[in-house]
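Please read the structure below before turning to the comments.
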Amino acid sequence: MLAHLPILQVIVPLMAAPACLILRRPQLVWMFTLLASTIAFIISILLLQQVMQTGTISYELGGWSPPWGIEYRIDKLNAFIALIISGVSTVVLVAAHTSIEKEIPQEKHTLFYILYLLSLTGMLGIVTTGDAFNVFVFLEISSLSAYSLIALGRDRRALWASFQYLIMGTIGATFILIGIGLMYQMTGTLNMVDLATRLPEVAETRTVTTAYVFFIVGVCLKLALFPLHLWLPNAYAHAPSIVTAFFAATSTKVAAYLLIRFTFSIFGVSFSFTTLPMEMVFLTLGLLGIFVASTVAIYQDNIKHVFAYSSVAQIGYMIVGFSMTTSAGLSAMLLHVFNHALMKGALFLALGAVMLRVGSTQLKDFQGLGRQMPLTMAAIVVGGLSLIGVPLTVGFVSKWYLVVAALEKGWWPVAGLVLLGSLLAVVYVWRIVETAYFKAPLAPIAGKEQVKEAPMAFLLPVWMLVSANVYFGLDTRLSVEIATAAAQSLFGVAP
Amino acid sequence: MSMILGLYNYWIVIVLMMIGFYIIIAHGHLIKKIVGLNIFQTSVFIFYISLGKVEGGTAPIWQENITLYSNPLPHVLILTAIVVGIATTALGLALTIRLKEAYGTIDEDEIQAMDNQAMDNQDKESQPC
């Protein structure tokens, strides 16, 4: 049983999805989905423990040995990312039943959970597989279910956001397919470990450069790296709240994983950063992303838009860490991947609670919510502080490591710009705090109920994520240890 | 000359790819966009299929007296990608139907204009407070 964990990680949600059709009753389906996600979470904890103790696990699918068969390969990096995905998915699902009750018509509830599980399957698959073509297949599983999930939003703009995402996402996925095809053409293999050993022999050819560029552009589209982020804000703003909380915390992280995996383990640092000027490209795009997206976030009136643009900015921070090509920079990026999942999961889930009680996430509707929904708003404040990077929260930890890594590299202007970027976050978080705490509540409209605190089903997962924000801000041993170990293993340094 | 004739399969792929890409970018009609996306994806399918060709090799079906076969692996891979392409097209068309129901049009600019207007109205509402 334990030997089969790598494949069970993917099979459990995959098989649970069609099983939902048999259950039919929404409440049952919800509990079943939660169970499947929890099992996936437990599996990823076990996998991470196993990897940290005994090193990389290689699983041969169907008993065919690699490179002929498909290999599932778990190392510190993907065990860590799988843990983030399944963990956030489980916590977010706790609130799902209460939230979609109001946002999605009853008859579509079962379909919602099926799509959710398929999306989870796709993401976990991308992360665990050791086969380049498998990555494409899982990417499309997660993307196609993502488009449908976004289209379930009750506003008609959700449909349009979903269509735009479909066009952009398919172009991105096709670019990835071209990249994989060119890699196969040059090496005759699709196994990642095999690719990594054979690519350096042909690294001087133009085909390999083209393969890398196609692949990276495709991944950056999925990652929503500035300026390829245009699909993200509307998709996040109009999707059902649960979907936004889930995707904001996980889907871009998967793309970040692909970027790291292909750049560092497969093409290798010397090819990606010495033959090609990727360092400057990523650094520039990362910094531009931080400033442009944070500035745009300040001028948004829909709070979901504010946090969506903030997500684009946070991806900028990750990419700045990535562009440093040092072990310290990479572990700062991985830490931020983990921490950002906690922040955005908490924030978007809290917005889901606001959506449930107020029915809107426009800034003007936040007036006086500090008094009407004290616990939800407190969660948004803590999440916001974490986003800014105030000490005692996880945001501080990742910014700290990022700045230290930049100084180590001798890039002190970058360290300054990272800190400056945080000030922009202060502005957009303050706008929410000001409206919620320092303005009187709107006069209740006749015939409409007074706004109440969110139900327990929401407060529990929101506060679980918020306390994780604080806990991992104080006790950094676990997250830092894993992130550093993963980064060091990519650089071939014995941990 | 050998640059063009010797590598003709790649040229076909590139031309098809650019046609598809152009249609996606230039046309506002959603169905045409989906058609463009299909052409774009098909070019990649042809690329994969032509990769598997071994000079002088026949179809990879076992038969006596034949020793040289084309590489079947890219064909198998692309079978999967074709299925993915069909799923994407189906989903795109389904979304187009829903968009037509919700907006009454399937023109990109008109939909965008309606959304922008909705956004402006929200701003106006928020002015008095």
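Read the figures in this text as sums done on the coordinates, not as results from a lab. This structure is a prediction, so every number in the text was calculated from the model and none was measured. All Cβ positions, even for glycine, are placed from backbone atoms using ideal geometry, and neighbour counts span all protein chains on display.
Give the aspartates and glutamates reachable from A:Lys409 as a straight Cα distance under 13 Å; neighbours fewer than 8 places away on the same chain don't count.
List returned: A:Glu279.
Tally Lys/Arg at +1 and Asp/Glu at -1 over every other residue whose Cβ is under 14 Å from the Cβ of A:Val51; what's the total? Intermediate results must be reported in sequence, preceding the final value.
On the way: positive: A:Arg73, A:Lys76; negative: A:Asp75, A:Glu481.
Net charge around A:Val51: 0.
Under 17 Å from a point 7 Å along the Cα-to-Cβ line of B:Asn9: which residues of the stretch A:166-181 have their amide N that close?
Under cut-off, by backbone N: A:178-181.
What is the stretch A:277-495's relative contact order, in percent, from Cα pairs under 8 angstrom and six or more apart in sequence?
28
Ordered by residue, what ³J(HN,Hα) values in Hz, to whole numbers, does the stretch A:20-36 give under the Karplus form 6.51 cos²θ - 1.76 cosθ + 1.60, where θ = phi - 60° and Gly and Pro are x?
With coefficients 6.51, -1.76 and 1.60, one gets 4, 4, 6, 6, 6, 5, x, 4, 5, 4, 4, 5, 5, 4, 4, 4, 4 Hz.
Extending each Cα 7 Å along its Cβ direction at B:Val83 and B:Trp62, get the distance between those two points in nm, one decimal.
Label-label distance for B:Val83 and B:Trp62, simple model: 2.4 nm.
Can you tell me the 0 to 90 degree angle between the C-alpha axis of helix A:109-128 and the longest principal axis of chain A, rounded to 10?
30
Mind giving me the nanometre distance, one decimal, between the label points for A:Val427 and A:Leu375, set 7 Å out from Cα along Cα→Cβ?
3.5
Give me the lysines in straight-line cross-link reach of B:Lys100: C-alpha distance below 29 Å, same-chain residues under 8 apart excluded.
Straight-distance partners of B:Lys100: A:Lys102, A:Lys108, A:Lys222, A:Lys304, B:Lys32, B:Lys33, B:Lys124.
How far, in degrees from 0 to 90, does helix A:303-323 lean away from the longest principal axis of the Cα atoms of chain A, to the nearest 10?
Orientation of helix A:303-323: about 20 degrees from the principal axis.
Rounded, prolate or oblate, given the Cα gyration tensor of the stretch B:2-110, with a/c below 1.5 counting as rounded?
oblate
Residue separation times 0.36 nm, minus the C-alpha to C-alpha distance between A:Lys452 and A:Ser360: what's the value?
31.7 nm
Across the stretch B:98-112, in residue order, what do the Karplus-derived ³J(HN,Hα) couplings come to in whole Hz, using 6.51 cos²θ - 1.76 cosθ + 1.60 with θ = phi - 60° and x for Gly and Pro?
After applying 6.51 cos²θ - 1.76 cosθ + 1.60, I find 4, 5, 4, 5, 7, 10, x, 8, 10, 9, 4, 5, 5, 4, 4 Hz.
Along the Cα→Cβ direction, 7 angstrom out, place labels at A:Asp155 and A:Leu474. What is the inter-label distance in nm?
3.8
If you stretched the chain out fully between A:Leu21 and A:Leu419, how much longer would it get, using 0.36 nm times the residue separation minus the C-alpha to C-alpha distance?
So the extension gain works out to 138.3 nm.
Using DSSP to call loops (not H, G, I, E or B), can you name the chymotrypsin sites (Phe, Trp or Tyr not before Pro) in the stretch B:1-106 whose Cβ has at most 11 other Cβ atoms within 10 angstrom? Display every interim value, and only then the final one.
Working: sites: B:Tyr8, B:Tyr10, B:Trp11, B:Phe21, B:Tyr22, B:Phe40, B:Phe45, B:Phe47, B:Tyr48, B:Trp62, B:Tyr69, B:Tyr103; in loops: B:Trp62.
Of the chymotrypsin sites (Phe, Trp or Tyr not before Pro), the ones in loops of the stretch B:1-106 whose Cβ has at most 11 other Cβ atoms within 10 Å are B:Trp62.
For helix A:327-358, what angle does its Cα long axis make with the longest principal axis of chain A, in degrees from 0 to 90 and rounded to 10?
Value to nearest ten degrees: 30.
Gap in Å between the Cα centre of the stretch A:227-285 and the Cα centre of the stretch B:23-65?
27
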